[in-house]
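Reading through the structure tokens given below for one structure.
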Amino acid sequence: MKALFHTGGPSGWGEALGGHPWSLAPVGGKPLIEYWLEWAASLGISDVRLVLGDGAEEVEAYADDGSRWGLQITYGFLKPGISPESYLRRSPEQWQEGLLYIAAPVFPRRLLDRDADGKSRLPVPGPEGCWLVPACQGAAACFLSSDARTIRSFIAGTAPATSRDWAALGIDPLVLADMKAYYQLNQRLVKGEIVRYVRPGFGGGDGAYIGSNVIIPPSVELRPPLIIGNDCRLHPMAVIGPDVVIGNRVIVDRQTEIANSVILDGTYLGRNLEIRDRVVAGARLIEPETGTILDIEDPWLLAPLGVSFRLVDGVRAVLGWAAAVVLLLLQAIPFALLYLLLRGMGMGRFRLSQRLAVRAMRRRLPFWSATDESSRLHRLFTGLSLDLLPMLALTALGQLWLCGHTPLHPERDAELRSRLRCYYPAAISYQTLALDDACRSEKTANALYYERYRSPLEDCRILLNVLIRRFLMMLAGR
Amino acid sequence: MDMRIERHGEKAVVVVSGALNAAVVDGFREQVHAWMKANEKVTQYVIDVSAMDFIDSAGLGVLIALLKRVTERGGDIRIAGLLAKARVVFEITRAFKIFEIYETVEEALRAES
């Protein structure tokens with residue numbers, strides 16, 4: 001018997017979790033995918049295929065080779081827009097001995113307690129019939145069968161008409177159709193209504209499960225039931241609980257109270273806040289009843305905690321700052337001369353436009369605006385990239401990166417900003433050479449590309465590309 | 001951020017529009033303080049935020065500082081017309097417990113001190 005889990009499909013609510021793949025969304029302190037892998041292991045399955053989509057890198061980093069669960073995990077990829085079942089059709093014969101298939105946010109709720117020895121074997125499905133959970137739009141959210149004929153018909157797209165009773169297998173699969181279902185499941189788990197799971201963390205006698213490397217000063221008040229993940233820091237006089245699930249790498253600043261809420265991994269909660277009945281994902285506040293999302297653009301209140309800050313970003317910051325200072329020094333005198341000339345002749349000026357700078361702070365950034373772009377003086381000014389000097393000054397002041405994303409407009413680019421997990425507003429970007437700001441799809445593609453492939457080398461490439469091409473364009477008279 | 005202050009007898013309405021954030025709080029504070037100094041008899045203020053689409057912790061801080069200043073003189077500050085986004089900021093920062101919140105300016109002006 002084999003398992004195939006599709007982690008990249010749309011969930012309808014996972015996108016609200018701030019860019020993390022929904023399969024890694026914490027449920028009762030553990031990622032959802034971990035329940036799937038445990039289910040596969042408890043059925044005696046060892047061969048698991050994870051089909052990845054959005055967030056592939058994170059899912060792969062988490063599940064690795066599956067040895068933690070005694071599984072052998074292999075990976076596949078599915079292009080967006082292609083149905084998960086089509087993956088099965090590529091080589092249908094390999095699934096015929098038995099198939100556990102999940103392609104939607106399904107929580108396999110256990111109906112049976114673990115054995116006295118702590119093992120968690122579940123009844124293996126018989127050879128006849130199938131167990132099926134339909135999802136929306138006629139597709140299957142979850143399928144389990146060991147009958148070759150049934151599996152063939154399922155793969156062929158003629159899903160079996162009836163499902164056998166899941167209770168016979170000791171499982172009740174819950175489809176997490178919306179944010180409300182996700183939130184309520186977390187609340188049920190933390191309250192202990194579903195008691196058949198080994199919850200993460202130490203303790204538990206009084207309903208408080210606390211992970212490793214969690215700093216809790218004496219003045220913090222813990223009101224169980226609650227679950228706190230690993231590597232968290234609670235500041236003095238914070239009040240946590242009741243019914244709170246806190247993920248990994250969360251900071252709760254002093255005097256903040258949290259109750260009946262789910263706080264996702266890598267979130268900072270500012271000082272003296274009161275969070276009740278919410279899901280918080282980084283700077284995103286979600287009202288679970290209605291699914292209303294609100295991005296709090298104030299890092300003193302809510303903020304993501306370096307979601308994927310890597311060592312390479314530190315190197316980029318240092319090198320970028322040094323290069324900006326050098327460029328500033330080189331450009332200062334020619335800038336002063338040419339800018340005074342251009343201003344004096346009324347041929348252009350810097351216009352301030354509100355954009356999101358580092359830490360998503362709104363700042364008015366200077367953009368060069370020429371009245372006569374064909375003039376030689378203007379071409380010399382931009383050909384020497386002197387129009388970038390004020391931005392370089394902001395880079396030197398730490399308000400921008402040297403190379404990165406084009407600074408986004410708080411309103412016009414809100415959608416793009418919400419798609420970016422990491423945002424590096426910069427003086428120079430792929431867009432610096434673009435003639436206008438109109439090509440939104442290119443802007444989106446560039447932003448997503450940079451987020452994924454940023455590196456000191458890529459920054460160097462962008463910088464040289466912009467400086468050299470602008471210079472050549474000046475020489476060519478364009 | 002744009003603001004104007006309208007006097008309604010012994011009360012004043014401070015109309016704030018746009019974003020009340022760290023970039024503009026200094027100007028906002030100075031304008032309000034100057035108006036308060038010139039109109040010392042006014043002790044009841046209504047902040048009309050029905051056109052304020054964004055507020056951050058700095059903006060909230062300046063409102064709390066104004067509240068402290070006004071209450072020291074025996075007055076009061078009420079907030080009217082909170083939009084959804086600003087309302088959430090008021091909720092999570094517990095500013096709801098500090099300010100009297102009204103749906104409209106008219107309600108805030110009518111309410112007894």
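Checking the structure you have, find out if any residue of the range B:89-101 is over 27 Å from A:Glu257 (Cα atoms) and not in a helix (DSSP H, G or I).
Checking the range B:89-101: not a single residue is over 27 Å from A:Glu257 (Cα atoms) and not in a helix (DSSP H, G or I).
Taking the range B:3-54 only, how many residues are of a type in the set (Asp, Glu) and surrounded by 12 or more Cβ atoms within 10 Å (Cβ to Cβ)?
First, the residues of the range B:3-54 that are of a type in the set (Asp, Glu): B:6, B:10, B:26, B:30, B:40, B:48, B:53.
Now drop any that are not surrounded by 12 or more Cβ atoms within 10 Å (Cβ to Cβ), which leaves B:6, B:10, B:48, B:53.
Number satisfying all stated conditions: 4.
Considering only residues of the range B:51-82 that are closer than 21 Å to B:Ala19 by Cβ and of a type in the set (Val, Ile, Thr), which is nearest to the other protein chains (Cβ to nearest Cβ)?
B:Ile55
Any chance you could count how many residues in the range A:160-185 are touching a helix residue (DSSP H, G or I) at 6+ places or on another chain (Cβ under 8 Å) and either closer than 30 Å to A:Val279 by Cβ or surrounded by fewer than 19 Cβ atoms within 10 Å (Cβ to Cβ) (or both)?
Selection size over the range A:160-185: 8.
Among the numbered conditions (1) touching a residue at least 24 places away in the same chain (Cβ under 8 Å); (2) crowded, with 22+ Cβ neighbours inside 10 Å, tell me where A:Ile293 comes up short.
The single condition A:Ile293 does not satisfy is (2).
Determine if the range A:360-371 includes at least one residue that is surrounded by 15 or more Cβ atoms within 10 Å (Cβ to Cβ), touching a Leu at 6+ places or on another chain (Cβ under 6 Å), within 14 Å of A:Gln399 (Cβ to Cβ) and within 14 Å of chain B (Cβ to nearest Cβ).
Taking every residue of the range A:360-371 in turn, none turns out to be surrounded by 15 or more Cβ atoms within 10 Å (Cβ to Cβ), touching a Leu at 6+ places or on another chain (Cβ under 6 Å), within 14 Å of A:Gln399 (Cβ to Cβ) and within 14 Å of chain B (Cβ to nearest Cβ).
Scan the range A:386-400 for residues that are more than 11 Å from A:Ala427 (Cα to Cα) and either surrounded by 19 or more Cβ atoms within 10 Å (Cβ to Cβ) or within 14 Å of chain B (Cβ to nearest Cβ) (or both) and report the count.
1
Return the residues of the range A:1-14 that are at pLDDT 75 or above and not aromatic (Phe, Trp, Tyr); say none if nothing qualifies. Lay out the reasoning, then the answer.
Start the filter on the range A:1-14 by keeping residues that are at pLDDT 75 or above, which leaves A:1-8, A:13-14.
Those that are at pLDDT 75 or above and not aromatic (Phe, Trp, Tyr): A:Met1, A:Lys2, A:Ala3, A:Leu4, A:His6, A:Thr7, A:Gly8, A:Gly14.
Determine whether the range A:271-279 contains at least one residue that is among the charged types (D, E, K, R) and at pLDDT below 90.
no
How about the range A:1-96: which helices (runs of 4 or more DSSP H) wholly inside it have at least 3 residues that are buried (at least 16 other Cβ atoms within 10 Å of the Cβ) and more than 25 Å from the chain's Cα centre (by Cα)?
Fully inside the range A:1-96 and qualifying: A:32-42.
From the list A:Asp243, A:Asp313, exactly one residue is under 28 Å from A:Pro456 (Cα atoms) and acidic (Asp, Glu). Which is it? Break it down into steps so the answer makes sense when it comes.
Numbers: A:Asp243 fails: under 28 Å from A:Pro456 (Cα atoms).
Answer to the selection: A:Asp313.
Of all residues in the range A:373-385, which are surrounded by fewer than 15 Cβ atoms within 10 Å (Cβ to Cβ) and touching a strand residue (DSSP E or B) at 6+ places or on another chain (Cβ under 8 Å)?
Passing the criteria: none in range.
Could you list, in sequence order, the residues of the range A:260-313 that are aromatic (Phe, Trp, Tyr), within 14 Å of chain B (Cβ to nearest Cβ) and under 17 Å from the mean Cα position of the chain (by Cα)? Spell out how you get there, then give the answer.
Initial filter on the range A:260-313 (aromatic (Phe, Trp, Tyr)): A:268, A:300, A:309.
Among the residues that remain, those that are also within 14 Å of chain B (Cβ to nearest Cβ) are: A:268, A:300.
Across the range A:260-313, the qualifying residue is only A:Tyr268.
Can B:Arg4 be described as away from chain A (no Cβ under 14 Å), touching a Ser or Thr at 6+ places or on another chain (Cβ under 6 Å) and of a type outside the set (A, V, I, L, M, F, W, C)?
Considered against the rule, which asks whether it is away from chain A (no Cβ under 14 Å), touching a Ser or Thr at 6+ places or on another chain (Cβ under 6 Å) and of a type outside the set (A, V, I, L, M, F, W, C), B:Arg4 comes out as no.
Yes or no: the range B:83-103 includes at least one residue that is surrounded by fewer than 18 Cβ atoms within 10 Å (Cβ to Cβ), within 14 Å of another protein chain (Cβ to nearest Cβ), within 13 Å of the chain's Cα centre (by Cα) and among the β-branched types (Val, Ile, Thr).
Yes, the range B:83-103 has at least one match.
Take the range A:236-259 and flag every residue that is at positive phi and in contact with a strand residue (DSSP E or B) (Cβ under 6 Å, 6 or more places away or on another chain).
Correct list: A:Gly241 only.
The values are calculated or read from the model by the stated rules, or taken from the named source; none is laboratory data. Here the structure is a predicted model, which is why all the values come from computation and not from measurement. Positions of Cβ are backbone-derived with ideal geometry, glycine not excepted, and every protein chain shown enters the neighbour counts.
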